[in-house]
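S.K.: A single structure is presented below for examination.
The values are calculated or read from the model by the stated rules, or taken from the named source; none is laboratory data. Not measured: the values here are computed from a predicted model. So basically every Cβ, Gly included, is an ideal-geometry build from the backbone, and we count neighbours across all protein chains shown.
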């Protein structure tokens, strides 16, 4: 028996539990439509929320950078990998977020996995929402700090945990602002008050909210700060990504000049990674300008999402507390979830089935991600398909709702 033969056994167990993942066929351009295995599908799986990934202005900026800067950077930013476009985008991001400085990372995952261990260590404490993204979870594990997981958005539970935190050197509260599986928003005003009361750092990951929420598209912090302006000062670390609404690739952290200097020196995923291609920075820079100049994109997106949620509820689907462009259709069973995903794929609609470990056991769901590129006709078609394909387990009540 070979030392790695156990892998085949474990893969078989995944298949038997309907948890096995296969790579999809290679895709071409990803937008409102995509080609999967030579079939054109309506794409409700992408996080290209504002439809900027293939926007001609973004593509043109990327092409110019590619011709000027080439593909790879050849070294980490601290050696010789930093391009002028990186510096320009960092300044632009800092101004956009209203902070003193910003720092680019190779990915949003790298931003969280590098920032958290740079802020806390042994003798410190982290307070992390139970539904935070895997990159936050892994950042907590790498930090060696004592990690306290509080139930999802349960502020009262967090209050109790913080009341017992006097013996820790540093304290860090960390949360997604928009949760990627439920589409719901974190209670940021309450978290800001708790952080201030307990002298804790507050770190917020705006990955799915940047470009979409807030009057200026700055995210959920800006959205809540309209009624609670002190929140801007209560959030010490702002994390975001270039790879979702901005249609490029990479992650970033914004904060004080001292914070960014510290991360430059101590965030291992920054120090020891080759710098992201300059082409990504060039594309994101133009996308960020579009976000500021074309607010109607996010307004229309959120209006469409609210209308779709209402119609799905009328059909009988359980969409949870979603308040965003991410709408979960909660099924429970992994097997039934994947059966429904395959039915929809057969009808020309791609809505991914999400199974453990991305969600808890018996918490499988279809995740419907909206984009500004989706038309009213596409929304109607997906509603019709879901109305005809849904299994009985998806119903939130015994009576079928009627769509108006």
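This table checks each residue for (1) assigned to a helix (DSSP H, G or I); (2) in contact with a helix residue (DSSP H, G or I) (Cβ under 7 Å, 6 or more places away or on another chain).
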| position | (1), (2) |
| --- | --- |
| 137 | yes, no |
| 142 | yes, yes |
| 149 | no, no |
| 162 | yes, yes |
| 174 | no, yes |
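S.K.: What are the residues in region 361-388 that are closer than 18 Å to residue 309 by Cβ and in a strand (DSSP E or B), if any?
M.R.: Those that are closer than 18 Å to residue 309 by Cβ and in a strand (DSSP E or B): 365, 366, 367, 368, 369.
S.K.: Continuing with this model, one more query. Which residues, counting only those in region 78-123, are outside any helix (DSSP H, G or I), under 25 Å from residue 292 (Cα atoms) and in contact with a strand residue (DSSP E or B) (Cβ under 6 Å, 6 or more places away or on another chain)?
M.R.: If the condition is that a residue be outside any helix (DSSP H, G or I), under 25 Å from residue 292 (Cα atoms) and in contact with a strand residue (DSSP E or B) (Cβ under 6 Å, 6 or more places away or on another chain), then 99, 102, 103, 104, 105, 107 are the ones that fit.
S.K.: Within region 37-71, work out how many residues are modelled with pLDDT under 95, assigned to a helix (DSSP H, G or I) and closer than 14 Å to residue 373 by Cβ.
M.R.: The number of residues fulfilling the criteria is 0.
S.K.: Then there is this: In this structure, is residue 329 touching a helix residue (DSSP H, G or I) at 6+ places or on another chain (Cβ under 8 Å), under 22 Å from residue 179 (Cβ atoms), without any contact (Cβ under 8 Å) to a residue 40 or more places away in the chain and not in a helix (DSSP H, G or I)?
M.R.: Considered against the rule, which asks whether it is touching a helix residue (DSSP H, G or I) at 6+ places or on another chain (Cβ under 8 Å), under 22 Å from residue 179 (Cβ atoms), without any contact (Cβ under 8 Å) to a residue 40 or more places away in the chain and not in a helix (DSSP H, G or I), residue 329 comes out as no.
S.K.: Here are the criteria: (1) in contact with a strand residue (DSSP E or B) (Cβ under 9 Å, 6 or more places away or on another chain); (2) in a loop (DSSP other than H, G, I, E, B); (3) in contact (Cβ under 8 Å) with a residue 40 or more places away in the chain; (4) over 30 Å from residue 266 (Cα atoms). Tell me which single one residue 34 does not satisfy.
M.R.: Result: residue 34 passes all but (2).
S.K.: Could you identify the single residue in 328, 356, 360 that is modelled with pLDDT of 95 or more and either under 19 Å from residue 47 (Cβ atoms) or within 20 Å of the chain's Cα centre (by Cα) (or both)?
M.R.: The unique qualifying residue is 328.
S.K.: Using the structure shown, decide if residue 74 is part of a loop (DSSP other than H, G, I, E, B) and surrounded by 13 or more Cβ atoms within 10 Å (Cβ to Cβ).
M.R.: When the stated conditions are applied, residue 74 does not pass them.
S.K.: Modelled with pLDDT of 95 or more, closer than 15 Å to residue 206 by Cα and assigned by TED's automatic domain parsing to the domain that holds residue 250 - does that describe any residue in region 146-163?
M.R.: Looking for residues that are modelled with pLDDT of 95 or more, closer than 15 Å to residue 206 by Cα and assigned by TED's automatic domain parsing to the domain that holds residue 250, one finds none in region 146-163, hence no.
S.K.: Regarding region 241-256, can at least one residue be identified that is over 28 Å from residue 299 (Cβ atoms), out of contact with any strand residue (DSSP E or B) (no Cβ under 6 Å at 6 or more places or on another chain) and surrounded by fewer than 24 Cβ atoms within 10 Å (Cβ to Cβ)?
M.R.: yes
S.K.: Taking the condition surrounded by fewer than 17 Cβ atoms within 10 Å (Cβ to Cβ), in contact with a strand residue (DSSP E or B) (Cβ under 7 Å, 6 or more places away or on another chain) and part of a loop (DSSP other than H, G, I, E, B), does residue 27 pass?
M.R.: In short, yes.
S.K.: When you check residue 372 against the structure, is it closer than 25 Å to residue 206 by Cβ, at pLDDT 90 or above and out of contact with any helix residue (DSSP H, G or I) (no Cβ under 7 Å at 6 or more places or on another chain), yes or no?
M.R.: Criteria not met by residue 372.
S.K.: Suppose the filter is crowded, with 23+ Cβ neighbours inside 10 Å, touching a helix residue (DSSP H, G or I) at 6+ places or on another chain (Cβ under 9 Å) and at pLDDT 95 or above; does residue 383 pass it?
M.R.: In short, no.
S.K.: A further question follows. Given the criteria part of a helix (DSSP H, G or I), under 17 Å from the mean Cα position of the chain (by Cα), at negative phi and touching a residue at least 24 places away in the same chain (Cβ under 8 Å), does residue 313 qualify?
M.R.: no
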